[in-house]
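J.: Take a look at the following structure, please.
The values are calculated or read from the model by the stated rules, or taken from the named source; none is laboratory data. Note that the structure is a prediction, hence the values are computed from the model and not measured. Here the Cβ is made from the backbone with ideal geometry for all residues, glycine too, and neighbour counts use every protein chain on show. Ligands, DNA and RNA are stripped out before the accessible areas are found, and what is left, the full protein with its side chains, is counted by its heavy atoms. Shrake-Rupley method; radii C 1.70, N 1.55, O 1.52, S 1.80 Å.
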Amino acid sequence: MKCRLVLFLVFLGISPVFAQTLQSAGGDRNSFPDPMAPKDPNAPKPVSNGKSGRAALDDSTKMIYGPHTTAYYYEEDIVNGRGAKNSIDTSLHLFHRYLFQERAGFLTAHLGNEGTAVRNIFVKKPDQLGSQMGYSAYLPYAFATDEVKYYQSKSPFSDIEYYLGAGGQTRLNFTFARNVDSLWNIGFEIQRLVSDKFLTDKKYKSGDQSLSGQWGVLLQTNFRTRNNRYRLLSHLNYFDMGIQDQGGVQLLNGLDPTTALKYTDNGALFSNSGVQSNDSFIKFHFYHEFIGFKGLQFFQRIDVENRTAKFKDMDFATNLSNNYYPKNFSTQTDSLYSENQWQSYAHQTGIKGIFRGFTYRSYFKQRYWDVNNPMAGLQRNRLENYVGLFLQQKFNDKIDFTADGEYLIGSDYRLQASFISPYFQVKASRSSVSPSVAQNWSYNAAFRWNQSLENTLFDEVSGTLDFHTKKVYFRPTATIQRIAHYTYFDTLASVKQAEDAIGVFRTGFSAGGTHGKFEWSTLVLANTKTGPDVIRMPSIVANANLALNVQYKKLLYMQFGVDLQHQSAYYADAYMPVMQQYHLQDRYEVPAFVQADAYVTLRINRVRLFFKMQNATQGLLNSNYYTAYLHPAMARSFGYGVRWLLFD
């Protein structure tokens, strides 16, 4: 607790300290807007309207502040020296996709309701080296470090989002940012996500329908000196997710999974409501850089994380007798409790620079992690030392070549390269990654192992062609993957490692365009694999969107549209909540499905709204479907949402 308090105070205090210390580097910083900032030659010049006092201020506020006076950037924009600023999105394009699965392009799946455990539909290459905790089913709902937005705003900026769907799928996001002066910005974001059960259990029958509840809080700040020689970005990230696990549909009296899809009042496998999961963390991140000159810059990153993943089953004996768990390692049968406490500390220090379109970055990183199982009194830890190199040559604004590598001394490595042009893109990578803590080590009443698995070797080559005109684009794509020593959870949710290599080939295309008042987009992917059957993926995945744009007297903008998504039949994974792991199952092939969502979106000034009928074709094209083994998707339901941008 003391550590968290210290980090919080450091976060709140570090920006004003630097602001006061470095003020002499750029003179008076309180003149706003910044006179050193580049001016837009096309910006309209102020015109006197003859008003004064409060009336003039009110008019100028309405005319001046808006999406064009507020921008944001990501840390990678600063690290790579791009200095890019992103505009605030005010469009209606795909605004109706409010669920996390929809925003991921329908390429992830959960347990049928927002806030439940998430998995990728296709196998993805690892994005981090070194040992990770491995409990990652709920992390897609948290604020990610590389997606934190750092703002620059000439007025206080607020972004309010509220979405409500069937099954109590409710999410509220509130973002606020403002510039203290022209060089220092502070802000925060709060997220609240809840959802309700649609399988009946003991608590459901008594009126408690809560399935999941999540809080996320992000505090962020960014600062630069007037001469742009020094810059810092920092944020504090808090996440807390609680789940009342249900285990899927309970199959009683000869009920089979396909028949169960016809009913809307199915009972939960964990009928006594005694199973709960919780995942929480607090992270502190700090980045700063000093620019001696463009060709030689110094940078440093610091990361501190404290995380706890818990699981308890107060009805362990019943669920054990129902063969939900494969074994009992303990003499205690009334309950199962699992907890893992994770702490990690990392710093990265390096140099970087830019010279005539050539960018380089080199660094040394140290990371120490420690994981503790308080129930068993067991502990593991490791100190990791990394070196890394990043090289990029930009030939012009549209063509560049990038190569980078990272090496965990004595263990992991990653090498990757890409060439990007207006007509095609090619990427290649090779990585060797340590197994996670969850794969190497588990200790609870139902699952116990202590092993040292080999690194997983992952090779990937992908390419995309780009054909486009002013109104239509077509982008065929192909990906080849080779995976050796793949680590997976078998049908008993125990860890195994494949002896033979696995090959994956995926091809498809994305396309879209506009025609008159219509706009459309589509994605089609075909997937096949060779080797051991330990990665289960659909052979065909497709989604499409068609929308009609309507404008009324330059005040009201509307879209009428439909979303379509399809997956072919496959043996979708089952879910084991004890370790937050999806695992193989051979009992039931999840049928193919087509889902259609009809929607209407509206924009009035800076307010956007949508009204959506999800799974509108249920019972017409097909019955409901399963997103995971024994976890049905949300039935036909109505949802709506609003997003309001405020700039004063």
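J.: How big is the accessible area of SER338 in square angstrom, nearest 10, if you roll a 1.4 angstrom probe over the protein chains?
T.: For SER338, the solvent-accessible surface is approximately 10 Å².
J.: Could you give the length gained on full extension between PHE290 and PHE122, defined as 0.36 nm per residue of separation minus the Cα-Cα distance, in nm?
T.: Residue separation times 0.36 nm, minus the Cα-Cα distance, leaves 56.4 nm.
J.: Express in nm, to one decimal, how much length is gained between ASN322 and ASP404 on full extension, taking 0.36 nm for each residue of separation and deducting their alpha carbon distance.
T.: Stretched fully, the ASN322-ASP404 segment lengthens by 24.5 nm.
J.: Take the Cβ-Cβ distance between ARG192 and ARG356 as r, set R0 to 41 Å, and report the resulting FRET efficiency rounded to the nearest 0.05.
T.: After rounding to 0.05, the efficiency reads 0.25.
J.: Where does helix 2-21 land angle-wise versus the long Cα axis of the chain, in degrees 0 to 90, nearest 10?
T.: Compared with the principal axis, the helix lies near 20 degrees.
J.: With axes computed from alpha carbons, what is the tilt in degrees of helix 53-64 against the longest principal axis of the chain, rounded to the nearest 10 within 0 to 90?
T.: In the chain, helix 53-64 runs at an angle near 60 degrees to the longest axis.
J.: Per residue, how much space in cubic angstrom lies within the convex hull of the C-alpha atoms of the stretch 129-284?
T.: So the per-residue hull volume is 158 Å³.
J.: What lysines sit close enough to LYS352 to cross-link, taking a C-alpha to C-alpha distance under 19 Å and skipping anything fewer than 8 places away on the same chain?
T.: LYS294, LYS365, LYS394
J.: If you don't mind, there's one more thing I want to ask. With only Lys, Arg, Asp and Glu charged, each at its Cβ (+1 for the first two, -1 for the last two), find how big the charge dipole of the stretch 470-607 is about the Cα centre; round to the nearest 20 debye.
T.: Roughly 1100 debye for the stretch 470-607.
J.: Of SER206, HIS485, MET241, which is farthest along the charge dipole of the chain in the positive direction, counting Lys and Arg as +1 and Asp and Glu as -1 at C-beta?
T.: Selected residue: MET241.
J.: I need the per residue convex hull volume for the stretch 493-574, using only the alpha carbons, in cubic angstrom as a whole number.
T.: Each residue corresponds to 136 Å³ of Cα convex hull volume.
J.: Taking only the alpha-carbon atoms of the stretch 552-648, what semi-axes of the equivalent ellipsoid follow from 5 times the gyration tensor eigenvalues under a square root, in whole Å, largest first?
T.: In descending order the semi-axes read 36, 18, 9 Å.
J.: What figure, in Å² to the nearest 10, do you get for the accessible area of LEU107 with a 1.4 Å probe and non-protein molecules left out?
T.: Surface open to solvent at LEU107 totals about 50 Å².
J.: Using only the Cα atoms of the chain, what are the Rg and Dmax in Å?
T.: 26.2, 86
J.: A follow-up question, please. On average, how much accessible surface per residue is there in the chain, in Å², for a 1.4 Å probe, leaving out ligands, DNA and RNA?
T.: I get 48 Å² per residue for the chain.
J.: Nothing charged except the Cβ atoms of Lys and Arg (+1) and of Asp and Glu (-1): what's the magnitude of the dipole of the chain about its Cα centre? Round to the nearest 20 debye.
T.: Dipole size: approximately 1960 debye.
J.: Modelling each spin label as a point 7 Å along the Cα-to-Cβ direction, I'd like the SER539/PHE298 distance in nm, to one decimal.
T.: 6.0
J.: Using the Kirkwood formula over every pair of different C-alpha atoms, what hydrodynamic radius in Å results for the stretch 370-485?
T.: So the Kirkwood estimate lands at 17.8 Å.
J.: On a straight-distance basis, which aspartates and glutamates could pair with LYS529 in a cross-link, Cα separation under 20 angstrom, same-chain partners fewer than 8 positions away excluded?
T.: ASP459, GLU460, ASP490, GLU499, ASP500, ASP573, ASP586, GLU589
J.: Dividing the convex hull volume of the Cα atoms of the stretch 249-358 by its residue count, what figure in Å³ per residue is obtained?
T.: About 227 Å³ per residue, rounded to a whole number.
J.: Based solely on C-alpha atoms, express the radius of gyration and the Dmax of the stretch 297-451 in angstrom.
T.: Over the stretch 297-451's Cα set, Rg and Dmax evaluate to 22.7, 69 Å.
J.: Give me the percent of the accessible area of the chain that comes from carbon and sulfur atoms, probe 1.4 Å, all protein chains in place.
T.: Accessible surface attributable to carbon and sulfur in the chain totals 58 percent.
J.: So, one more: What residue among LEU378, PHE316, LEU336 has its Cα farthest toward the positive end of the dipole of the stretch 309-394, where the charges are +1 on Lys, Arg and -1 on Asp, Glu, each on the Cβ?
T.: LEU378
J.: Let me check the size of the stretch 538-601 from its C-alpha atoms; what are the radius of gyration and Dmax in Å?
T.: 18.8, 58
J.: I would also like to ask the following. Taking the Cβ of ALA498 as the center, what net charge do the other residues with Cβ under 11 Å away carry, scoring Lys and Arg +1 and Asp and Glu -1?
T.: Result for the neighbourhood of ALA498: -4.
J.: Here's another thing I want to ask about it. Modelled label-to-label distance, ALA598 and SER568, 7 Å Cα→beta-carbon offset: nm?
T.: Once both label points are built, they end up 3.1 nm from each other.
J.: Another question, if that's okay. Taking the Cβ of ASN373 as the centre, find all other residues whose Cβ is under 12 Å away and add up their charges (Lys, Arg: +1; Asp, Glu: -1).
T.: Net local charge, ASN373 excluded: +1.
J.: Now for a different question. Kindly flag which residue pairs out of LYS125/LYS149; LYS202/LYS327; LYS203/LYS496; LYS517/LYS612; LYS154/LYS470 have an alpha-carbon separation exceeding 27 Å in this structure.
T.: Violating the 27 Å Cα-Cα cut-off are LYS203/LYS496; LYS154/LYS470.
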